[in-house]
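Here the structure is laid out as structure tokens; the discussion comes afterwards.
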Amino acid sequence: MKLKGEEQESADSNEGSKGKMTLLLALVALISAFGSSFQYGYNVSVINSPAPYMQDFYNQTYFNRSGVPMDSGFQTLLWSLTVSMYPLGGFFGSLMVWPLVNNCGRKGTLLLNNLFSIAAAILMGTSELAKTFEVIILSRVIIGIYAGLASNVVPMFLGEMSPKNLRGAIGVVPQLFITLGILVAQILGLNSILGNAKGWPVLLGLTGIPSLIQLLILPFFPESPRYLLIQKGNEEQARQALQKLRGWGDVDDEIEEMRQEDQSEKEEGHFSVLSLCTFRGLRWQLISIVVMMMGQQLSGVNAVFYYADRIFQSAGVDSNNVQYVTVSIGAINVVMTLVAVFIVESLGRRILLLAGFGLCCLSCAVLTLALNLQTTVSWMSYLSIVCVIVYIIGHAIGASPIPFVMITEMFLQSSRPAAFMVGGSVHWLCNFTVGLVFLYMEAGLGPYSFLIFCAICLATIVYVFFIVPETKNKTFMEINRIMAKRNKVEIQEDKEEFKDFHAVPGRQAKKKEISSSKL
């Protein structure tokens, strides 16, 4: 899967033992995704099933304190806060990415981050004993901060460790664990397991366990070699980390590539968010990640999950069985994300983005029709079930996993933390907005609200088609050159240096072109 003959000699090391998946690399991916990304998914859906029991607890606690029952408007407000504090916390977590990954390293940030999760788990698990619902709302902010950091740092950490021909597949692993987290929370939240009056504090508190496991195991794994060499200037540690990750000793070409990148980065310094937003050489990369993140969140995935129960009820599924149907949708989500792990390297990122948003766009359009006609045409309710499934498949193969992979690939070491901070903030703000606005949209527009999602998907497809390049199996420098043309900036390449392995050369020409990711 090599690109050009000129890369051949470096490819052996650069792809790490011809890009093979070593046991250590697989373990790093699994531990960091299970310990961090898994909990992002788990906490997205964990409060859906036990919601009525938790609301009873809010009510009862209020009544015990004040002697009067809680006003229904106040209860709705408290519950809205419980739900929406999570994405708001995620936004705050995203803002912490840049300072933390630069100062503590990628692995260090993940380890530090576990403290947020364990604290929130203890608070949520003991909230019923302590008879306080305020603590649950506070904990949702804390676990949101955790998820905001995790959703950005894990793809960055894994992307910097992966050989180029596995970068996409490994980059989808965090998303796979997010969907697994959603599924596990749905299964444990069944009424017969923990989704009941007794079990919900345990259900909320379980989120600390993956963190504890990660806290115990991750210290034994290497830090990102790029961080060690380029940001810490420690070549020996970087070399050792690379040798462990690649499973063999000859990593000279990869070290050389990093060293040259390091040279040019010294002239540039690190990008803050402000300098990233104003730097012309990164303009299209920045617009691209903002558009992809907005498309990902505003394409209505939360709304489809929200509507799913009602869609299935109207199709004649017994209301007691709807929870099992929700679990089956979660399972489809996991299976299709797993498929994405295996096809992202053969089909490429662009195809998956276009196909994913295309399926979402189509299913939103047909769903609008089906929901409007289901009272008059009996088989329309079955069509709406098909639409939900097609939508989930589309989102799982393209819209959910690929944007995070693209942030890693379109930016270089100096600008990547700031890029993740921007992308992550957009991701969580849009998530928060949909959560707040959708109930009002649904009240005002009913099924027609899906037409808005359809239009957003269509706009994203058009943008991706015309602007976003294919990054499959390219070095970060090659992606850089493609984007440099689009940004209309030149990469001034020193020819000697260029012969010496795609030299992450040209950023000598003032911050000329920092536009892509390096391995």
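Brief remarks on what is shown
Table: residues versus (1) open to solvent by less than 50 Å² (accessible area, probe 1.4 Å); (2) of a type in the set (Phe, Trp, Tyr); (3) at pLDDT below 50.
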{"residue": "454", "(1), (2), (3)": "yes, no, no"}
{"residue": "464", "(1), (2), (3)": "yes, no, no"}
{"residue": "470", "(1), (2), (3)": "yes, no, no"}
{"residue": "475", "(1), (2), (3)": "yes, no, no"}
{"residue": "480", "(1), (2), (3)": "yes, no, no"}
{"residue": "490", "(1), (2), (3)": "no, no, no"}
{"residue": "494", "(1), (2), (3)": "no, no, yes"}
{"residue": "497", "(1), (2), (3)": "yes, no, yes"}
{"residue": "510", "(1), (2), (3)": "no, no, yes"}
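- Looking across 318, 252, 262, one residue alone is of a type in the set (D, E, K, R) and open to solvent by less than 20 Å² (accessible area, probe 1.4 Å). It is 262.
- Unique residue being on the phi < 0 side of the Ramachandran plot and either in the same structural domain as residue 42 (by the TED database) or surrounded by 17 or more Cβ atoms within 10 Å (Cβ to Cβ) (or both) when the list is 342, 357: 357
- In segment 42-64, the residues that are more than 19 Å from residue 206 (Cα to Cα) form Cβ pairs under 6 Å with partners that are open to solvent by 70 Å² or more (accessible area, probe 1.4 Å), at six or more places apart or across chains, as follows: 61/131; 63/69.
- Elements of the type helices (runs of 4 or more DSSP H) sitting completely within segment 23-92 and holding at least 1 residues that are open to solvent by 70 Å² or more (accessible area, probe 1.4 Å), over 21 Å from residue 127 (Cα atoms) and not charged (D, E, K, R): these cover 23-32.
- Filter result for residue 203 (open to solvent by 50 Å² or more (accessible area, probe 1.4 Å), among the hydrophobic types (A, V, I, L, M, F, W, C), touching a Leu at 6+ places or on another chain (Cβ under 9 Å) and outside the structural domain of residue 410 (by the TED database)): no
- Residue check for residue 160: open to solvent by less than 10 Å² (accessible area, probe 1.4 Å), of a type in the set (D, E, K, R) and in a helix (DSSP H, G or I): yes
- Complete set of residues in segment 125-139 that are of a type in the set (Ser, Thr, Tyr) and closer than 13 Å to residue 58 by Cα: 127, 132
- Count of segment 93-106 residues, restricted to those that are assigned to a helix (DSSP H, G or I) and out of contact with any Pro (no Cβ under 8 Å at 6 or more places or on another chain), is 9.
- The lone criterion from (1) in contact (Cβ under 8 Å) with a residue 60 or more places away in the chain; (2) assigned to a loop (DSSP other than H, G, I, E, B) left unmet by residue 130 is number (1).
- Conditions (1) touching a Gly at 6+ places or on another chain (Cβ under 9 Å); (2) open to solvent by less than 10 Å² (accessible area, probe 1.4 Å); number of the one not met by residue 425: (2)
- Residue in segment 289-310 that is without any contact (Cβ under 8 Å) to a residue 12 or more places away in the chain, in the same structural domain as residue 382 (by the TED database) and polar (S, T, N, Q) present: no
- Exclusive hit being more than 30 Å from residue 220 (Cβ to Cβ) and either assigned to a loop (DSSP other than H, G, I, E, B) or of a type outside the set (Ser, Thr, Tyr) (or both), set 241, 303: 303
The values are calculated or read from the model by the stated rules, or taken from the named source; none is laboratory data. Not measured: the values here are computed from a predicted model. Here Cβ is always computed from backbone atoms with ideal geometry, including for glycine, and neighbour counts include all displayed protein chains. Protein only, heavy atoms only, side chains kept; ligands, DNA and RNA dropped before computing areas. Shrake-Rupley method; radii C 1.70, N 1.55, O 1.52, S 1.80 Å.
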